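The values are calculated or read from the model by the stated rules, or taken from the named source; none is laboratory data. Note that the coordinates shown come from a computational prediction; the quantities given were computed from them, not determined experimentally. Reconstructed Cβ throughout: ideal geometry from the backbone, glycine too, with neighbour counts over all protein chains shown.
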Amino acid sequence: MQRFLSSAAQMDTAGIEESLDGGFALGSFEYVVDSWLFPALEALGEGWARGDIDVAGEHAASHAIHRRLSAAFDAAGSRSRGPAVVVGLPSGSQHDLGALAFATAIRRRGMDVLYLGANVPVSSWEEAVRSREARAAVLSVVTPGDRPAAVAVAERLLSRARPRSCAPMGHPRQTLLMESRHWHPASGQRPRSSTSSYTEPEH
């Protein structure tokens, strides 16, 4: 991890790529994300906050990680024969590494994942869930400021699209609000690791 951080500080793209090679070789995708990638991203943000890493170096490192996650997501596509799940971020939320990592992990588990990425308006979430007949929708909530927009999506989906339950996510008609552990420096917030759900009341 230290080489990753020092390479980001020096804007050494070759060093960033080589450190990612080493990090992603440590084990399964899920193990790497949990034990190496997210801690490295947290340390990257802390380095930016201290002034040790310029925003240009942080962006270079973050985009390198995004490319790795995108490649892993694409590689998992042949396994996607299970229930349809829509994953993304609500309107106004931009920092999607946590959501992309999650989407990749569940795609590797066989879910049929539609990944929407960042800054998706409520109407587009509704259309995506409807058109894919999704059994669940997962929204990454990176900062407290993202939560109102995520709740607006959840309320719309629950009142109109009514996504059905998906086994790994639990409750029927549930939209999961995932608070990502990845902190992006531009968010100005500390990383969060909790997960909560917004579930339709019983009638």
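Brief remarks on what is shown
- Subset of the stretch 65-89 that is part of a loop (DSSP other than H, G, I, E, B) and either free of Cβ contacts under 8 Å to residues at least 60 places away in the same chain or within 15 Å of the chain's Cα centre (by Cα) (or both) - its residue that is surrounded by the fewest Cβ atoms within 10 Å (Cβ to Cβ): Arg81
- Looking across the stretch 90-105, the residues that are touching a residue at least 60 places away in the same chain (Cβ under 8 Å), farther than 17 Å from Val129 by Cα and of a type in the set (A, V, I, L, M, F, W, C) come down to Leu97, Ala101, Phe102, Ala105.
- Candidates Leu26, Leu5, Leu20: the one that is loosely packed, with under 14 Cβ neighbours inside 10 Å and over 17 Å from the mean Cα position of the chain (by Cα) is Leu26.
- Against the conditions (1) in contact with a Cys (Cβ under 7 Å, 6 or more places away or on another chain); (2) over 30 Å from Ala128 (Cβ atoms); (3) not polar (S, T, N, Q), Pro83 satisfies every one except (2).
- Helices (runs of 4 or more DSSP H) wholly inside the stretch 1-64 that include at least 3 residues being touching a residue at least 24 places away in the same chain (Cβ under 8 Å), within 21 Å of Ala99 (Cβ to Cβ) and among the hydrophobic types (A, V, I, L, M, F, W, C): 38-50
- Tally, over the stretch 12-52, of residues that are over 19 Å from Arg108 (Cα atoms), aliphatic (A, V, I, L, M) and modelled with pLDDT under 95: 5
- Residue within the stretch 93-107 that is farther than 30 Å from Glu155 by Cα and part of a helix (DSSP H, G or I) present: no
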